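Written below as structure tokens is the structure these notes are about.
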Amino acid sequence: MQKAITRVIGIRNRMNLVDFLTVGERSGNPQSIKDVYNNPGTIVNLLVSNLFIVAGLIIFFMIIGAGLSFLKDTEKGKDDAKNLLTGAVAGFLIMFGAYWIVQIVKLLTGANIPIDAPKLF
């Protein structure tokens, strides 16, 4: 099957996409992606820090949604608001606890666990 696809689209030599993608072009120091993200720890750190931001935004919108549901004068609207707010607070406490557990583990073990905020600019 692979040979048939290769014949149809005319690819003889395989190209690796990570050889062509670069980061850091704005700073004037372009580097290949495979050189920047060379181990799984770097990728996991990037994902975790971005997941904290996304989770924070979701919690924010859940609180806004709870407030809008509470504005309904029905009993169902107030119950929905209570459930949304309970979920948002539980999510915040889980995020808060996870962050501080990692900080305590870093302090007790001396491990270098880099959970940094992502650099947007």
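Classify the stretch 39-115 as rounded, prolate or oblate, taking a ≥ b ≥ c as the square roots of the eigenvalues of its Cα gyration tensor: rounded when a/c is under 1.5, otherwise prolate if a/b is larger than b/c and oblate if not.
In terms of gyration-tensor shape, prolate.
Short version: ³J(HN,Hα) in whole Hz for each residue of the stretch 58-75, in order, from phi by Karplus 6.51 cos²θ - 1.76 cosθ + 1.60 (θ = phi - 60°), x for Gly and Pro, what are they?
5, 4, 4, 5, 5, 5, 4, x, 5, x, 5, 5, 5, 5, 5, 8, 9, 5
Sort 46, 85, 108 so the one with the fewest other Cβ atoms within 10 Å of its own Cβ comes first.
Ranking 46, 85, 108 by Cβ neighbours within 10 Å, fewest first, gives 108, 46, 85.
None of the figures in this text is laboratory data; all of them are computed from the coordinates on show. As the structure is a prediction and not an experimental result, all values here were calculated from the model. Here the Cβ is made from the backbone with ideal geometry for all residues, glycine too, and neighbour counts use every protein chain on show.
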